[in-house]
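Okay, so here's the structure we're looking at.
The values are calculated or read from the model by the stated rules, or taken from the named source; none is laboratory data. Since the model is a prediction, treat every value here as computed from it, not as a measurement. Positions of Cβ are backbone-derived with ideal geometry, glycine not excepted, and every protein chain shown enters the neighbour counts. Just the protein is used for accessible areas: all its heavy atoms, side chains included, with ligands, DNA and RNA removed. Shrake-Rupley method; radii C 1.70, N 1.55, O 1.52, S 1.80 Å.
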Amino acid sequence: MYKNYLKIAWRSIKGDKLFTFIKVGGFAMGIAACLLIALFINDELSYDQQYKNKDRIYRVVLQGVMDGELRKSVHFQLPFADALQSDFPEIEKAGKINMSELFGAGKRGLRLAGESQNNFEDGFVFANQNILEILEISLEQGNTNEALLQPGNIVISKSKSDKYFPHGEALGKTIVLDNNTSKPYTITGVMPDFPKNSHLKFNFLLPIEDTNMSWTNQNYFTYVLVDENTDIPALEKKMFSIMENYVIPAQMARGRAPDFIEILKTIEYKLQPIGDIHLRSDLAMGDGLKHGDIRFVWLFGAIAGFVLLLACINFINLSTAKSANRAKEVGLRKTVGAFKSNLVAQFLTESVFFSIISFMLGLMLAWALLPAFNSIAAKSILFPWEVWWFVPLMVASALFIGILAGMYPAFYLSAFRPVSVLKGSLSVGSKSGKLRSGLVVFQFATSVILIIGTLIIYKQMDYIQHKELGYNKEQVVILDGANILGNKSESFKEQLLQLPQVQTVTISDYLPIDGAKRNGNTFKKTGEGIEDRGVPAQIWRVDYDYIKTLGIKVKEGRDFSREFASDSINSMIINDQMAHELGYDNPIGKHINNGMDWAIVGVVKDFHFKSLKEDIAPLSLVIANNDSGAISVKLKSGNIGESLASIEAIWNRNVPNQTFAYSFLDQKFSQMHEDVERMGKIFNSFAMFAILVACLGLFALSAFMVEQRKKEISIRLVLGAPFESIYKLLTLDFLKLILLAILIAIPIGWYMMNRWLEDFAYKINIGWEIFFVAGGIALIIAVVTISYQSIGAALTKPLKSLRTE
Amino acid sequence: MLLKLNNIFKWVNSGGQRVFLLKDINLSVEEGEFISVMGPSGSGKSTLLNVIGMLDNFDEGEYSFLDEPVHTLKEKHRANLYKQYIGFVFQSYHLLDDLTVQENLEMPLLYKKVGSSERKSLVADTLDRFNIVGKKDLFPAQLSGGQQQLVGIARALISSPKLILADEPTGNLNSKQGEEIMELFKQLNSEGVTIIQVTHSEKNATYGSRIINLLDGRKI
Ligand SMILES: Nc1ncnc2c1ncn2[C@@H]1O[C@H](COP(=O)(O)OP(=O)(O)O)[C@@H](O)[C@H]1O
Ligand SMILES: [Mg+2]
């Protein structure tokens, strides 16, 4: 019997290839999209889940309201972790990590003792021994219990060990950082590489050598391991004693204003579970790490749900739609003695058969698209074939949806009375008309929302790329690892300036991009008393050519100049925002103080030195000779490759033992917004999927409707209906639905994308034109899709469908 | 002369073989004739009617309609020709289920872009003439078979065609209803409309002025 059912199923495929293609193909596409999103979400949720004690590991976060704004921070004082561990018995261990470039974290030049070739490496941090234990780092070589105890120790990752010591002989070897032979490091451990899905990823762990036990300097991320069954909210409350016992006294000793102390009293310490860090950290925490975003997980989950729902509905709908044409078959079968149960079994078999085929295709499609998806999402997700539940889950889903999809037509059709079917008095189309209309509206509303999202994300990305930044990011090459030049850097700069292609050169690690050096401090107006709370601001150490090289605009006063001897001592240039926060209308000549006295000689126009998600903060520039790791070279327009070759030649002459490494300022700027771009691309590709599925649905629905009305169309044609009238007849009905869908979608899309844009301090306005374009695109897609059917119908020869009567 | 068929052949290829549906049909029809086409089932009666109605093509021969050589005309031109001069009546009526009687009648006029007032008066006249004024707001499903066919004929006539092609117009009707339809045809014919009908009934055939017998696609 089943063989017979399958035979019929097979024939119905062959009989109506287009319909089957849409039914199976659309469903498969939905399954593939859903699967890819599920894999993505699964990967996002897997961050930092690898720890045995993951429910007991927390990162400390500080939060408080300042000037009416919720401020957060993950940076704490050097003694903070030790105080936590000694003051609170429920805190088993507290560890600290310093990722600040000011201290020498980040990029360093590395070479093995006895060799001359320096290698430029990234991923250095300072961490204490407790970190190894809290993060459950168990060394592959070396003693985990003491690897970071002594100054001069270094723990390196397995991949770096493999790179420098291919025979596994790393332990005990000496390495030199940044040419500093007076302070070599001994490898005391080789740790496994951090997994891809860890919010922390380091290659080199150095012991903390900072000895400044001040309670007013915050440079350390603090992680704690608490006892089992600790009452976290209670512990968080108790932790306020740290503020009372250590921080506030220290700040008062420093002479901070009473209202600042009042603010400190409102501050709370929070413990953020390590598993939450990747998806639930907000920008305000300022941890400088690349994070996911739980809202995107929800958003993509919703898209996946929608796509799958659309695909399922289309599948069910097409199964029913087609079944109307098989009413005759049902009637005949019944008259020759089929029982209802036979027919139900037949339809179910058929639908399960199609569902399984769709799932297989969907799996294959997802599998084929995974590499492309990985490159868009910057992930390395593997297809979970070998996960034990994966294949059974797919089979179960295929059966479930197959049965669900078959259920409706099975019971609906098998309930037909044969007489009415055979007499042809059955009109299936109009009955379920409302349902189908609802479906079209739902599908297209979803599509239009996604199109609106796509357009707005695209516009915002474009806005970011073309935003007037307040500095000129074009034609600037950044040479990395330049601290190796040491005191030769000035002469290196002079040599570069001899090149005809070079316009200006500046030596400074402080650049308006992620990963560059930062240094925050608080400035008070000189002469004002203890009431002045001060303005927190960046203080950047630059040279005389910094402003010229980056094309920053001097608004008032002057640029630094060698003609003023004081410039190398106490002159300061501030940005507009800082002048504003200091409350100076005319800041030139004013003095401010951060423990050192500075005279303001110039004001520059605000420039963006953080991502456009953040407001421009107060910033000051001072002249300082620093052994900078970065040298920025502004090139004249011309052949970049040639210019780089000339620069490299000079580099090699000065630094024979370290390879030339460089990047471009504009690329670094783009990288700062990579996360936005990536989310945008993922969103867009899934939106495409959803729209495609919706189109297939519409295509099939219009095909179905034309099929339903074939007889009517023929009669109209015989009675003299011209082409246009038939075309209009079939198209207008759908267009009304599409317009309705657009109307529904606009407010939802507007609301959603406004929420998204809230993330950005600098953003586009959502104008009406976006909705026009989105609606227009949806309309065009719909008209093209429907026209294929209506034109076909309007051009048919009427005879075909009339003759059969 | 209304129309003339010369050596018309129509065939289909089936399994590499040529199967003739119409074989060497010669026929001329004068205006005002009432012709009955007869023959066993499958003998090609409907095919012949469709060829005459220009709903179907033929493979060989010549066909002129009102001195227009149909076989050389473009599809569109041909469609205009039949829309203007020919009315069709079907065995299964082919009324549009979603439209009322009045709207069904009005449809061909809409397609001919007849003005609204003229349309109204034509529909009113027709309803009156066929005695179905009382039924004008009913839907086809609310009518008996005979009444439906009446509406079908009324619709075929409303744009005053020269020729009515009726394929077994009484096939789905009982004998009394059939007789009424035949009487109607006779009357229309006497008013000058040319009629070609397909029928299985000897009795209905006698309403016509001439009988054409078909067998296996050939006129006998
Ligand atoms: N398009 C076609 N292809 C193949 N055979 C056809 C086609 N149209 C009609 N026939 C065949 O031609 C013959 C004549 O059909 P038809 O004119 O409908 O007969 P009648 O109306 O006299 O019963 C039948 O045998 C029918 O099966
Ligand atoms: Mg016939």
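Observations
- Base-10 log of normalised Debye intensity for the stretch A:569-705 (one unit scatterer per alpha-carbon) at q = 0.10, 0.13, 0.18 Å⁻¹: -0.66, -0.89, -1.12
- Think of the protein assembly as shown as having a plus end and a minus end, set by charges on the Cβ of Lys, Arg, Asp and Glu; of A:L62, A:N153, A:S214, A:L62 sits farthest toward the positive end of this dipole.
- Solvent-accessible ranking of A:F306, B:F34, A:F353, largest area first, probe 1.4 Å: A:F306, A:F353, B:F34
- Averaged over residues, the count of other Cβ atoms within 10 Å places the peptides B:3-13, B:66-76, A:570-580 in the sequence A:570-580, B:3-13, B:66-76, highest first.
- Accessible area per residue for the stretch B:3-219 is 46 Å², calculated with a 1.4 Å probe on protein heavy atoms, without ligands, DNA or RNA.
- Of all aspartates and glutamates in the structure, the ones whose alpha carbon falls short of 15 Å from that of A:K605, not counting any fewer than 8 places away in one chain, are A:E468, A:E556, A:D559, A:D576, A:E581, A:D585, A:D615.
- If you take all other residues with their beta carbon under 14 Å from the beta carbon of A:P166, and give Lys and Arg +1 and Asp and Glu -1, the sum is +2.
- The magnitude of the dipole of the stretch A:54-277, with charges of +1 and -1 set on the Cβ of Lys/Arg and Asp/Glu and taken from the Cα centre, is near 520 debye.
- Dipole in debye (nearest 20) - chain B, about Cα centre, beta carbon charges: Lys, Arg +1; Asp, Glu -1: 200
- Euclidean distance of C-alpha centroids, the stretch A:339-362 and the stretch A:652-714, integer Å: 34
- Ellipsoid equivalent to the stretch A:54-277 - semi-axes via the Cα gyration tensor, in Å: 35, 20, 14
- Semi-axis lengths, Å, the stretch A:1-140, gyration tensor of Cα atoms, sqrt of 5 times eigenvalues: 56, 25, 18
- Percent carbon-and-sulfur accessible area, the protein assembly as shown, ignoring ligands, DNA and RNA, probe 1.4 Å: 56
- Ranking A:F686, A:N654, A:A234 by how far each Cα lies toward the positive end of the dipole of the protein assembly as shown (charges on Cβ) leaves A:F686 at the top.
- Interface burial for A against B (accessible surface, 1.4 Å probe, total of both chains, Å², rounded to 100): 1700
- Alpha-carbon gyration tensor eigenvalues x 5, square-rooted, for the stretch A:635-737, Å: 66, 17, 11
- Between A:E648 and A:L404, the FRET efficiency estimated from the beta carbon spacing at R0 = 60 angstrom works out to 0.40.
- Cleavage-rule hits, GluC sites (Glu not before Pro), the stretch A:521-579, DSSP coil, Cβ neighbours within 10 Å at most 15: A:E528, A:E531, A:E563
- The DSSP beta bridges internal to chain A are antiparallel in roughly 75% of cases.
- When the P(r) of chain A is calculated, the portion above 40 Å amounts to 51% of the C-alpha pairs.
- Paramagnetic label zone (point 7 Å from Cα along Cα-to-C-beta, A:S182; backbone N under 18 Å) in the stretch A:482-502: A:483-489
- Members of A:K163/A:K379; A:K93/A:K158; A:K96/A:K158; A:K158/A:K196; A:K524/A:K555; A:K54/A:K196 lying beyond 19 Å, as alpha-carbon distances in this model show: A:K163/A:K379; A:K93/A:K158; A:K96/A:K158; A:K524/A:K555
- Protein heavy-atom accessible surface, 1.4 Å probe, per residue over the stretch A:1-158: 42 Å².
- Listed residue pairs exceeding 19 Å between alpha carbons, taken from A:K488/A:K668; A:K52/A:K290; A:K797/B:K74; A:K107/A:K681; A:K107/A:K668; B:K83/B:K219: A:K488/A:K668; A:K52/A:K290; A:K107/A:K681; B:K83/B:K219
- Membrane-span-like helices in chain A, defined purely by DSSP H runs whose alpha carbon atoms cover 20 Å or more axially and whose average Kyte-Doolittle hydropathy reaches 1.6, are A:390-414, A:768-795.
- Here is the result for the stretch B:38-119: no chymotrypsin sites (Phe, Trp or Tyr not before Pro) lie in DSSP coil with at most 15 other C-beta atoms within 10 angstrom of their C-beta.
- Expressed in units of 2.2 N^0.38 Å, where N is the residue count, the Cα radius of gyration of chain B is 1.03.
- Of the peptides B:193-201, A:281-289, A:735-743, the order by per-residue mean of other Cβ atoms within 10 Å, starting with the highest, comes out as B:193-201, A:735-743, A:281-289.
- When its C-alpha radius of gyration is set against 2.2 N^0.38 Å (N residues), the stretch A:467-594 gives a value of 1.19.
- Think of chain A as a dipole: +1 on every Lys or Arg Cβ, -1 on every Asp or Glu Cβ, centred on the Cα centre; then among A:I464, A:W367, A:M752, A:W367 lies furthest on the positive end.
- Solvent-accessible surface, computed for protein heavy atoms with a probe of 1.4 Å, shrinks by 10 Å² or more for the following residues of the stretch A:703-742 when the other protein chains are added to the isolated chain: A:K711, A:E712, A:I715, A:R716, A:L717, A:V718, A:L719, A:G720, A:A721, A:P722, A:S725.
- A loss of 40 Å² or more of accessible area (1.4 Å probe, protein heavy atoms, ligands and nucleic acids excluded) relative to the isolated chain is seen in these residues of the stretch B:72-105: B:K83, B:H94, B:L96.
- Cβ charges +1 (Lys, Arg) and -1 (Asp, Glu), total dipole of chain A, debye: 5460
- In the stretch B:3-219, the DSSP beta bridges split such that about 50 percent are antiparallel, to the nearest 5.
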